[in-house]
Amino acid sequence: MASMTETVTARDEPGTATSASALADRTTEKPRRTRRARQDSAKRARTLLLSTISIAAGIGVWWLLSSIGFKLPSPADVVVRGWELTVDGTLGADLVASLTRVLVGFALGTIVAIPVGFLMGWYAWARGLIEPWIQFFRTIPPLAIIPLAIVLLGIGEEPKILVIFLAAFFACVISTFQGVVNVDRTLINAARVLGTKDAGIFVRVVVPASVPFILVGMRVGLGAAWATLVAAELIAAQQGLGYRMQQAQLYYDLPTIFVGLIVIGVLGLVMDRLLLLAEKKLTGWQERR
Amino acid sequence: MTPNTPTPGSPRISVRNVTRTFDLKGEGFVALDDVSLDVADNEFITVVGPSGCGKSTLMNILAGLDTPTSGEALVDGRPVTGPGPDRGVIFQQYALFPWLTVRKNVEFGLKTAGLSAKERREKAEHFIEMVGLGEFADALPKMLSGGMKQRCAIARAYAVDPSILLMDEPFGALDALTRVTLQEQLLDTWSREKRTVMFITHDVDEAVFLANRVVVMAARPGRIYDVIDVELPGPRTEDLRLSPEFTELRNRVWSAVYHQTPGRRVDATHRSVAPHPTAVA
Ligand SMILES: Nc1ncnc2c1ncn2[C@@H]1O[C@H](COP(=O)(O)OP(=O)(O)OP(=O)(O)O)[C@@H](O)[C@H]1O
Ligand SMILES: [Mg+2]
């Protein structure tokens with residue numbers, strides 16, 4: 001109580017300063033923060049509500065369209081087909097096949113892209129040697145490589161993975177290169193004046209400073225890999241989401257096509273969110289402007 | 001000779017007729033023109049001058065981050081060929097590694113030097129305490145204010161125990177109050193752990209308050225315009241700034257910086273100390 005009175009007298013306006021306002025004064029910090037938090041969570045709840053309404057409305061419209069005679073399967077048909085495909089194991093096998101291709105292609109693409117990007121960013125000679133090829137091949141859509149890939153590699157897994165690999169590689173290599181080139185000179189100088197030599201600077205400054213760029217490249221690369229998947233699976237695949245949809249197209253099986261599209265969409269979203277999470281964790285040190 | 005005037009003999013730093021030209025659109029731009037300067041052991045010199053007069057260029061050459069076009073920079077009699085842990089540098093832009101905590105930033109140079117994790121931690125602890133960042137040892141730079149960042153940078157430079165400190169406008173981006181506090185802390189640290197310091201600033205007050213000797217530079221071409229010895233009575237505290245001696249020196253430095261006679265230059269080596277240029281003015 002004593003300290004409260006002190007606050008009151010210190011404020012030079014004894015008439016207006018009731019003990020309640022003094023209390024409020026002393027605790028301003030806290031309520032303000034919780035109010036901000038409450039506002040934030042209210043805003044988030046509202047966004048979530050709107051998104052839910054929007055999705056529900058979309059499904060409603062879809063339902064309506066399918067019931068008034070448009071050539072669309074109803075949402076119920078799709079759910080039923082999804083269930084059937086899950087139960088008989090088709091969907092699981094397709095998922096595994098597609099995911100394996102994407103992940104192998106993406107992993108290989110990233111694993112090759114990161115060192116190549118570093119090499120190009122760190123050594124002028126490497127940049128001179130490699131950059132023209134990358135700039136040229138980058139402009140060719142990976143899908144345009146398919147005919148060549150089939151001729152060279154046959155119709156097994158290799159051509160499919162190659163195409164996905166290329167998509168992931170180009171996205172990631174450019175980004176890594178940019179990351180290295182953009183490393184703040186003063187940070188490199190700061191490391192040098194602390195006695196650090198080139199190898200140490202590379203490992204302890206250039207690599208960590210490039211991580212945000214690499215992660216952006218990986219996200220773009222994953223998106224590109226996923227996007228080329230279906231087309232790659234048009235190459236005489238025996239399994240996979242793309243293959244399944246193509247088969248369904250032959251039999252005019254719309255529900256299966258819908259199941260395939262929805263699964264591809266949801267999986268792509270999940271993988272992107274995972275990388276976003278990794279990005280938040282690994283680049284939390286960045287000052288956001 | 002006054003106690004502040006360095007004794008000629010073996011300067012820690014000597015800059016001998018250094019010229020640095022940059023290629024600007026095909027033309028040679030003279031950033032430093034025939035600059036000569038000596039800094040004695042444990043001397044604290046400040047360098048002031050208008051923007052673009054080559055202060056940073058001079059410091060980069062001494063740090064080993066840049067090389068003179070002609071002339072040479074010597075530290076302990078040996079030509080500077082690159083950066084080294086004998087010279088600590090504090091940059092105007094803090095240059096903290098943003099992905100490392102305060103502690104890891106301070107440990108950075110110690111790790112380079114090959115100290116064990118335990119030694120690193122102990123040393124870092126000492127210097128983090130010294131600059132008063134104890135509570136923030138595990139904070140990332142983005143959580144620090146400008147003054148705290150600069151204190152962290154000072155701790156990082158001190159940690160590798162350089163005998164020479166090169167500071168490029170370290171307090172330039174700070175508010176007046178933080179700046180004054182850090183100036184006093186710096187002098188306090190300097191008086192306890194003596195170093196040879198070259199401190200660049202564009203603040204005349206700061207230059208006089210900190211220095212044993214103020215080196216005034218001029219631009220176009222970059223050169224040393226004047227050298228003013230700072231002999232002040234008593235310890236350097238806030239009160240000193242109000243003393244007539246301080247004001248007198250401040251005014252002298254001020255007019256050397258802001259009312260420059262074209263073409264004037266001096267040699268700031270110990271050889272030339274005898275007929276002191278400012279004694280004439
Ligand atoms: N890498 C460079 N290329 C071309 N010109 C340069 C380069 N570095 C510095 N200069 C020029 O040299 C001159 C001196 O630059 P310097 O950075 O040393 O000035 P300064 O005295 O530190 O100025 P300030 O007080 O603004 O920091 C400037 O005119 C600048 O344009
Ligand atoms: Mg400068």
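The values are calculated or read from the model by the stated rules, or taken from the named source; none is laboratory data. Nothing here was measured: the structure is a model prediction, and the numbers come from that model. Positions of Cβ are generated from backbone atoms using ideal geometry, with glycine treated the same way; all protein chains shown enter the neighbour counts. For the accessible areas, the whole protein counts, side chains as well, though only heavy atoms, and no ligand, DNA or RNA atoms are used. Shrake-Rupley method; radii C 1.70, N 1.55, O 1.52, S 1.80 Å.
Values as computed for the structure displayed
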quantity: Residue match in region B:23-38 (condition: away from ligand 2 (no atom under 16 Å from the Cβ), crowded, with 22+ Cβ neighbours inside 10 Å, assigned to a strand (DSSP E or B) and at pLDDT 90 or above); calculated: yes
quantity: Tally, over region B:1-22, of residues that are at pLDDT below 90 and farther than 27 Å from B:L210 by Cβ; calculated: 0
quantity: Residues of region A:80-130 that turn out to be open to solvent by 30 Å² or more (accessible area, probe 1.4 Å), among the small types (G, A, S) and farther than 24 Å from A:A225 by Cβ, as a count; calculated: 3
quantity: Tally of residues being open to solvent by 20 Å² or more (accessible area, probe 1.4 Å) and touching a strand residue (DSSP E or B) at 6+ places or on another chain (Cβ under 7 Å) across region B:213-259; calculated: 3
quantity: Of all residues in region B:105-121 being charged (D, E, K, R) and closer than 14 Å to B:V160 by Cβ, the one that is least open to solvent (accessible area, probe 1.4 Å); calculated: B:E107
quantity: Residues located in region B:99-129, provided they are within 13 Å of chain A (Cβ to nearest Cβ) and hydroxyl-bearing (S, T, Y); calculated: B:T101, B:T112
quantity: Any hit, region B:187-196, residues being touching a residue at least 40 places away in the same chain (Cβ under 8 Å) and within 16 Å of ligand 2 (Cβ to nearest atom); calculated: no
quantity: Output for region B:89-112, where each listed residue is basic (K, R) and either within 16 Å of ligand 1 (Cβ to nearest atom) or out of contact with any helix residue (DSSP H, G or I) (no Cβ under 7 Å at 6 or more places or on another chain) (or both); calculated: B:K104
quantity: Some residue of region B:137-144 being within 16 Å of ligand 1 (Cβ to nearest atom) and of a type in the set (D, E); calculated: no
quantity: Within region B:40-55, considering residues that are within 16 Å of ligand 2 (Cβ to nearest atom) and open to solvent by 50 Å² or more (accessible area, probe 1.4 Å), the one farthest from B:V257 (Cα to Cα); calculated: B:G52
quantity: Qualifying residue in region A:121-130 (condition: in the same structural domain as A:I235 (by TED's automatic domain parsing) and under 22 Å from the mean Cα position of the chain (by Cα)); calculated: no
quantity: Listing of helices (runs of 4 or more DSSP H) fully contained in region A:140-240 that carry 2 or more residues being over 30 Å from B:P83 (Cβ atoms), in contact with a helix residue (DSSP H, G or I) (Cβ under 7 Å, 6 or more places away or on another chain) and modelled with pLDDT under 90; calculated: A:146-153, A:157-181, A:207-232
quantity: Selection status of B:R156, touching a residue at least 40 places away in the same chain (Cβ under 8 Å), surrounded by 18 or more Cβ atoms within 10 Å (Cβ to Cβ), outside any loop (DSSP other than H, G, I, E, B) and of a type in the set (K, R); calculated: yes
quantity: Selection count where residues are within 17 Å of A:F118 (Cβ to Cβ) and more than 14 Å from every other protein chain (Cβ to nearest Cβ), scope region A:163-190; calculated: 13
quantity: Residue that is nearest to ligand 1 (Cβ to nearest atom) [pool: residues in region B:170-212 that are open to solvent by 30 Å² or more (accessible area, probe 1.4 Å) and not in a helix (DSSP H, G or I)]; calculated: B:H202
quantity: Filtered residue count, region B:56-80, keeping only those that are open to solvent by less than 40 Å² (accessible area, probe 1.4 Å) and within 14 Å of chain A (Cβ to nearest Cβ); calculated: 10
quantity: Total residues in region B:172-184, condition within 13 Å of ligand 2 (Cβ to nearest atom) and modelled with pLDDT of 90 or more; calculated: 0
quantity: Selection count, region B:85-98, where residues are under 14 Å from A:I188 (Cα atoms) and at the interface with chain A (Cβ under 7 Å from one of its Cβ atoms); calculated: 6
quantity: Where a residue in region B:226-242 is assigned to a loop (DSSP other than H, G, I, E, B) and its partner, wherever it lies, is crowded, with 16+ Cβ neighbours inside 10 Å and of a type in the set (V, I, T), with Cβ under 9 Å and at least six apart; calculated: B:V230/B:T46; B:V230/B:V208; B:V230/B:V214; B:V230/B:V253; B:E231/B:T5; B:L232/B:V208
